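A.B. asks: The structure under discussion is supplied below as structure tokens; questions concerning it will follow.
Each reported figure results from applying straightforward, stated rules to the coordinates on display, with no laboratory input. This structure is a prediction, so every number in the text was calculated from the model and none was measured.
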Amino acid sequence: MLSTLENEISLRTGRAVKQYREAAGFSLRMLSARSGVSSSMISDIERGTKSPTVITVVRLAQALGVRAAALLDGGSGPAPRICVLRRGEGDGGEHPARWKRLGSAVPGSRIDFLHYQIPPSTVLGPAAAHAAGTVEHMHVAAGTVRVTVGDETAELTAGDSCSCRTDAPHAIENPDPSTEALIYLIAERG
């Protein structure tokens, strides 16, 4: 039996997981595949019938592109569309050579691998919103880019990466008047 405080935290966390999952357009199975948490456990958490461990909250938050605190706080607002990872952050550090090995997607795959060389002072887009659940992961190999998705904007420099929920109009801009930008992009269709 959960204490009153535990029950309150579990219910608040469950509501937040569901709110962010639905905002991202993820099914239970999609969130399960992204987080490594079983669909049944996610369902139990969302209903408030199970209290998640700290590791489970962190895994779900990472898969949803939010901070773990946002889930524990009960989801104070919509999930951000852009989640930035700065050069040197994260487990792997900086490995630009890995991005150069990207090849063609398998026919019928939901994954597309893209390589963009953006001339100075150029804007790509705005592109129309993609289907709910679509996420684009970008790595900036050279130069500077400005990524806009809906009403959110992020500035990225060489070595930075980001993941964007592109279910809203979006654009990528090279604001530098003298240097080309090089980005690698993996698009996961929802």
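A.B. asks: Hey, what do the phi angles of segment 128-144 turn into as Karplus ³J(HN,Hα) couplings, whole Hz, using 6.51/-1.76/1.60 and θ = phi - 60°, x for Gly and Pro?
C.D. replies: Ordered by residue, 3J(HN,Hα) equals 5, 4, 8, 4, 3, x, 6, 10, 10, 9, 10, 10, 8, 8, 8, x, 10 Hz.
A.B. asks: How far, in nm, would the chain grow between GLU180 and ALA33 when pulled straight, counting 0.36 nm per residue and subtracting the alpha carbon separation?
C.D. replies: 49.3 nm is the gain from fully extending GLU180 to ALA33.
A.B. asks: Starting from the Cα-Cα distance between ALA69 and GLU152, subtract it from 0.36 nm times their residue separation and give me the gain in nm to one decimal. Mind showing how you got there, number by number?
C.D. replies: Numbers: separation 83, 0.36 × 83 = 29.88 nm, distance 2.04 nm.
In short, 27.8 nm is gained.
A.B. asks: For ALA158, enumerate residues with amide H under 5 Å from its amide H, sequence gap 5+ or separate chain, H modeled in the peptide plane.
C.D. replies: When sequence neighbours closer than 5 places are left aside, the close amide H contacts are GLY143.
A.B. asks: OK, next. Which ³J(HN,Hα) values in Hz, rounded to whole numbers, follow from the phi angles of segment 164-170 under the Karplus curve 6.51 cos²θ - 1.76 cosθ + 1.60, where θ = phi - 60° and Gly and Pro get x?
C.D. replies: 10, 7, 9, 8, 9, x, 8
A.B. asks: Let me ask something else. Distance between Cα centroids, segment 131-166 to segment 24-55: provide it in whole Å.
C.D. replies: Taking the Cα centre of each part, segment 131-166 and segment 24-55 sit 26 Å apart.
A.B. asks: Follow-up question, since we're still on this one. Using modelled backbone amide H atoms (1.01 Å from N, in-plane), which distant-in-sequence or interchain residues come within less than 5 Å of ALA181's amide H?
C.D. replies: Amide H to amide H, under 5 Å and 5 or more residues apart or across chains, ALA181 pairs with ILE118.
A.B. asks: Per residue of segment 145-156, what does 6.51 cos²θ - 1.76 cosθ + 1.60 with θ = phi - 60° give for ³J(HN,Hα)? Whole Hz please, x for Gly and Pro, Karplus curve as stated.
C.D. replies: Listing the rounded values in order: 9, 10, 9, 10, 10, x, 9, 9, 9, 9, 9, 10 Hz.
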